[in-house]
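The next block holds one structure in the form of structure tokens; read it before the comments.
The values are calculated or read from the model by the stated rules, or taken from the named source; none is laboratory data. Remember, it's a predicted structure, so these values are computed and weren't measured experimentally. Every residue, glycine as well, gets a Cβ built from its backbone with ideal geometry; the counts of neighbours run over all protein chains shown. With ligands, DNA and RNA removed, areas are computed over all heavy atoms of the protein, side chains included. Shrake-Rupley method; radii C 1.70, N 1.55, O 1.52, S 1.80 Å.
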Amino acid sequence: QVQLVESGGGLVQAGGSLRLSCAASGRTNSRYAMGWFRQAPGKERELIAAITWSGLSTYYADSVKGRFTISRDNAKNTVYLQMNSLKPEDTAVYYCAARDDPLRSTSDEKYDYWGQGTQVTVSS
């Protein structure tokens, strides 16, 4: 089992930045790909960024491409999401997820462990 805990969410004005962190604990000796998802009220959960275990390959949804950056520090068992140029439409609960596979996936069904989520609110 892997436990994931997100942090770094909060309230920010449009155009501002936040950095989310996701710390993993438990069975962290496996090679996990990681993803960041978000879910806004009344909307389906969507994958916005993913990264392979090696960190060499990343994926971004079109809605965040060029503004968000996913990265990881395997020595610290932590994955990050740097969010710049935030927009009100980025308001959502953000979740990190781990996939028990070194390769990333764009399907939320492929992720095995989930954090509890952290709220990001962007005011206009």
- Note on the structure: Counting only residues that are open to solvent by 50 Å² or more (accessible area, probe 1.4 Å), in contact (Cβ under 8 Å) with a residue 12 or more places away in the chain and not acidic (Asp, Glu), region 96-120 contains a total of 6
- Residue check for Glu89: at pLDDT below 95, out of contact with any Phe, Trp or Tyr (no Cβ under 8 Å at 6 or more places or on another chain) and not aromatic (Phe, Trp, Tyr): no
- Message: Taking the conditions exactly as written (on the phi > 0 side of the Ramachandran plot, open to solvent by less than 40 Å² (accessible area, probe 1.4 Å) and at pLDDT 95 or above), does Gly66 satisfy them or not?
- Response: no
- Do any residues in region 63-82 that are within 15 Å of Leu47 (Cα to Cα) and aromatic (Phe, Trp, Tyr) have Cβ atoms under 9 Å from those of residues that are outside any strand (DSSP E or B) and open to solvent by less than 60 Å² (accessible area, probe 1.4 Å), where the two are at least six apart or on different chains, and which pairs are they? Phe68/Ala61; Phe68/Asn84; Phe68/Asp90; Tyr80/Gly8
- Message: Just to verify a result, which residue in region 45-65, among those that are of a type in the set (Val, Ile, Thr) and in a loop (DSSP other than H, G, I, E, B), is nearest to Arg104 (Cα to Cα)?
- Response: Thr52
- Query: Taking the condition basic (Lys, Arg), open to solvent by 80 Å² or more (accessible area, probe 1.4 Å) and in contact (Cβ under 8 Å) with a residue 60 or more places away in the chain, does Arg19 pass?
  - Reply: yes
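A quick yes/no check of all residues on (1) more than 20 Å from Leu18 (Cα to Cα); (2) modelled with pLDDT under 95; (3) of a type in the set (D, E, K, R):
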site: Ser71; (1), (2), (3): no, no, no
site: Tyr80; (1), (2), (3): no, no, no
site: Met83; (1), (2), (3): no, no, no
site: Val93; (1), (2), (3): no, no, no
site: Pro102; (1), (2), (3): yes, yes, no
site: Glu109; (1), (2), (3): yes, yes, yes
site: Ser123; (1), (2), (3): no, no, no
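Residue by residue, here is whether (1) open to solvent by 70 Å² or more (accessible area, probe 1.4 Å); (2) in a loop (DSSP other than H, G, I, E, B) holds:
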{"site": "Val5", "(1), (2)": "yes, no"}
{"site": "Ala24", "(1), (2)": "no, no"}
{"site": "Thr28", "(1), (2)": "no, yes"}
{"site": "Arg38", "(1), (2)": "no, no"}
